[in-house]
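Undergrad: Let me give you the structure first, and then I'll get to my questions.
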Amino acid sequence: MDQAQAGTAATETELVVQWLAAFETALAARSEPALRNLFWDDAHWRDLMAFTWTIKPHDTPDAVIAGLLSTQAEIGARNFRFAGNRTAPRRVQRHGVASIEAFFSFETNVGRCSGILRLVADTPEKAWVLATTLDELKGHEEPIHGRRPAGSAYSRNFGGENWSDIRARKIAFQDREPATVIIGAGQAGLSIAARLGLLGVDTLVVDRRERVGDIWRERYHSLALHNQVNLNHLPYLPWPPNWPKYLPKDMIAGWLETYAWAMECNVWNHTEFLGATFDDEKGEWSVRLQRADGIERIVKPRHLVLANGVAGRPYTPKLPGLENFNGTLMHTHAFSDGSKWKGKKVLVVGAGTSGHDVAQDLHGHGAKVKVIQRGSATVASVKAAGLVHSVYYDENLPLEDADMIAAASSYPLLVRGYQAAVKKMKVMDKDLLDGLVAKGFKLDWGEDETGHQMKFRRRHGGYYLDCGCSGLIASGEVGLLQHEDTAHYVENGLLMKDGTIEEADLIVTATGYQSQESVVRELLGDEVADRVGQIWGIDPNTGEIANMFTATPQQGLWFAGGGFAHARIYSHYVAMGIKVRELGLVA
């Protein structure tokens, strides 16, 4: 382009403003032809509660336009504006498409909203990605920053309650029922509780452990996150700026405990969730809880959130002859550290993340370790995994902008992006992968070459992000056995099909956990379990993670799980989903 052409070309901001103006005109008129003229043939719109009151993808031009037209009369979306307080419009490459990416704001009849727009760089009058999100409800804004409370209810209140007195009374729930009960005081449960508290929804969090953070504190000694700190902040309170890139478990545990205190979450520790039933006529749950003193208490919330992770109790499959083993047997869930096993022989059953981490810890403490691989696995270095974990979070963007970019992609775009990343990861990790294959390690990249990220969404396992154990396997310092070469377990270890015995003093089963569906069936009953169906994994009808972060087929039942980024981003939609139902905006 010469200087004369450059002088007359519209800037990225002008192109975005023009598109938003045309979009608002077409939407207000509810004109199908005008809307169709604004979208590319490969069009995707993911709505996060702004138009649809749920998380809903639309992955064809027809679906996008039909979705907009079917909701506009009720929602009344308007005042679409380029968001001058967000990252400026810029030219980027997303999912193989040269794009102009921009953030915008708008409002509906009940809320203030924002979104992200990607115009096709070569055809900027056409959009190919649109994402919209409900930020806040009019009249029910969070009391933060300029709206923070004065504290007059407990400041210098001579002769009355101070802040600690009020907190103790609220936590006790002696004079009222909670509107919401959350099971699990990990990152998901606390993030939702913090958001609900700021929305004025009375919430109780229960956890069977002694202290908030014990879900991390009690895990194996060497555990640290495999993705970097900038991806893992909690809502409202980011990690301290001097903390390391890869957070160790005990720092996480302590911060969760601080977070619950600072965000005024009402938590009952050492409290067992015994089960619950739902009263359809009253629209409330009867939740049975056993307190630390053994006394059972029944609370009756309108909403029950299972934020106890994606899985349930530790699971060990029936392995032939394992009952005959005379040594020590434990699941990775019970493993702390390998210091007691120096010089001992150990078999680790399973080659996922926990299996690798436990094997590396045992090796580091001087144990003689062999890993039994039961099925192929995806392996990537932590550096290579960063190509998908933190790609947006390494662009020097504000956290809310990076989160919006991450949340914009519907299932087809995720697949496309992960497939492109896997090709780069294979090149980056070639030496590591070649070394593993030379030792007989069975690798795979998922059913459609989408790697570990889609495995996480589909099955929450089957991969390992290498923190050093892969190198130990490749060098032979940690041994490798294949399950099909084993016969059965014996008193002193494992009999192989060739007649040799792999002796063991300790066997650690890294074989996962029972499904969340099993947990629901056990604690909420067959009728609720059958009504809800699949939990986690990809819903074949929507491409979203099944029954997570949105209302489920069972009234008043919600699920949350995943990593810290999931907790930060999607706790907002769980909290909003509960709030709009408390207000009667949604049935």
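The values are calculated or read from the model by the stated rules, or taken from the named source; none is laboratory data. Please read all numbers here as calculations on a predicted model, not as lab measurements. All Cβ positions, even for glycine, are placed from backbone atoms using ideal geometry, and neighbour counts span all protein chains on display. Heads up: the accessible areas ignore ligands, DNA and RNA and are worked out on the full protein's heavy atoms, side chains in. Shrake-Rupley method; radii C 1.70, N 1.55, O 1.52, S 1.80 Å.
Undergrad: Take the conditions modelled with pLDDT of 95 or more, among the small types (Gly, Ala, Ser) and surrounded by 19 or more Cβ atoms within 10 Å (Cβ to Cβ) and apply them to Ala385. Does it pass?
TA: No; evaluated as a whole, the condition is false for this residue.
Undergrad: So how many residues does region 116-175 have that are closer than 24 Å to His572 by Cα, among the hydrophobic types (A, V, I, L, M, F, W, C) and open to solvent by 40 Å² or more (accessible area, probe 1.4 Å)?
TA: Of the residues in that region, 2 qualify.
Undergrad: On to the next question. Across region 313-337, what is the total count of residues that are among the charged types (D, E, K, R) and farther than 25 Å from Ala487 by Cβ?
TA: Within region 313-337, residues that are among the charged types (D, E, K, R) and farther than 25 Å from Ala487 by Cβ number 2.
Undergrad: Looking at region 393-439 only, could you name the residues that are among the hydroxyl-bearing types (Ser, Thr, Tyr) and over 29 Å from Leu472 (Cβ atoms)?
TA: Answer for region 393-439, where residues must be among the hydroxyl-bearing types (Ser, Thr, Tyr) and over 29 Å from Leu472 (Cβ atoms): Tyr393, Ser409, Ser410, Tyr411.
Undergrad: Any idea how many residues of region 463-495 are under 30 Å from Gly543 (Cβ atoms) and either charged (D, E, K, R) or open to solvent by 20 Å² or more (accessible area, probe 1.4 Å) (or both)?
TA: 2
Undergrad: Please count how many residues of region 323-377 are open to solvent by less than 30 Å² (accessible area, probe 1.4 Å), assigned to a strand (DSSP E or B) and hydrophobic (A, V, I, L, M, F, W, C).
TA: 8
Undergrad: Next question, about the same structure. State whether one or more residues within region 229-250 are in contact with a Lys or Arg (Cβ under 7 Å, 6 or more places away or on another chain), under 21 Å from Leu304 (Cα atoms), of a type in the set (Asp, Glu) and open to solvent by 20 Å² or more (accessible area, probe 1.4 Å).
TA: no
Undergrad: Could you tell me whether Val532 is touching a residue at least 24 places away in the same chain (Cβ under 8 Å), touching a Pro at 6+ places or on another chain (Cβ under 8 Å), more than 27 Å from Val391 (Cα to Cα) and among the β-branched types (Val, Ile, Thr)?
TA: yes
Undergrad: Any residue at all in region 386-397 that's free of Cβ contacts under 8 Å to residues at least 40 places away in the same chain and among the polar types (S, T, N, Q)?
TA: Yes, region 386-397 contains at least one residue that is free of Cβ contacts under 8 Å to residues at least 40 places away in the same chain and among the polar types (S, T, N, Q).
Undergrad: If we keep just the residues of region 178-201 that are closer than 18 Å to Leu274 by Cα and of a type in the set (A, V, I, L, M, F, W, C), which is surrounded by the fewest Cβ atoms within 10 Å (Cβ to Cβ)?
TA: Ile183
Undergrad: Does at least one position in region 260-276 carry a residue that is surrounded by 14 or more Cβ atoms within 10 Å (Cβ to Cβ) and modelled with pLDDT under 95?
TA: The answer is no; no qualifying residue exists.
Undergrad: Let me ask something else about it. Report, by residue number, each residue of region 81-116 that is among the hydrophobic types (A, V, I, L, M, F, W, C) and more than 17 Å from Pro398 (Cα to Cα).
TA: Val97, Ala98, Ile100, Phe106, Val110, Cys113
Undergrad: Additional query: Kindly list the number of the only condition in (1) in contact (Cβ under 8 Å) with a residue 60 or more places away in the chain; (2) open to solvent by 40 Å² or more (accessible area, probe 1.4 Å); (3) more than 25 Å from the chain's Cα centre (by Cα) that fails for Pro314.
TA: Pro314 satisfies all of (1) in contact (Cβ under 8 Å) with a residue 60 or more places away in the chain; (2) open to solvent by 40 Å² or more (accessible area, probe 1.4 Å); (3) more than 25 Å from the chain's Cα centre (by Cα) except (3).
Undergrad: Restricting the first residue to region 66-89 and requiring it to be without any contact (Cβ under 8 Å) to a residue 60 or more places away in the chain and under 18 Å from Gly111 (Cβ atoms), which pairs with a second residue that is basic (Lys, Arg) and buried (at least 17 other Cβ atoms within 10 Å of the Cβ) meet a Cβ separation below 9 Å and a spacing of at least six or different chains?
TA: Qualifying pairs under 9 Å: Gly67/Lys56.
Undergrad: Let me ask something additional. Tell me, please, whether a residue that is among the basic types (Lys, Arg) and touching an Asp or Glu at 6+ places or on another chain (Cβ under 6 Å) can be found in region 106-123.
TA: Yes.
Undergrad: Could you please find all residues in region 277-319 being hydroxyl-bearing (Ser, Thr, Tyr) and modelled with pLDDT of 95 or more?
TA: Thr277, Ser286
Undergrad: Does Arg288 satisfy the condition of being open to solvent by 50 Å² or more (accessible area, probe 1.4 Å), of a type in the set (Lys, Arg), part of a strand (DSSP E or B) and touching a residue at least 12 places away in the same chain (Cβ under 8 Å)?
TA: yes
Undergrad: Right, next: Of the residues Gly139, Gly160, only one is of a type in the set (Gly, Ala, Ser), within 30 Å of Phe82 (Cα to Cα) and not in a strand (DSSP E or B); which?
TA: Gly139
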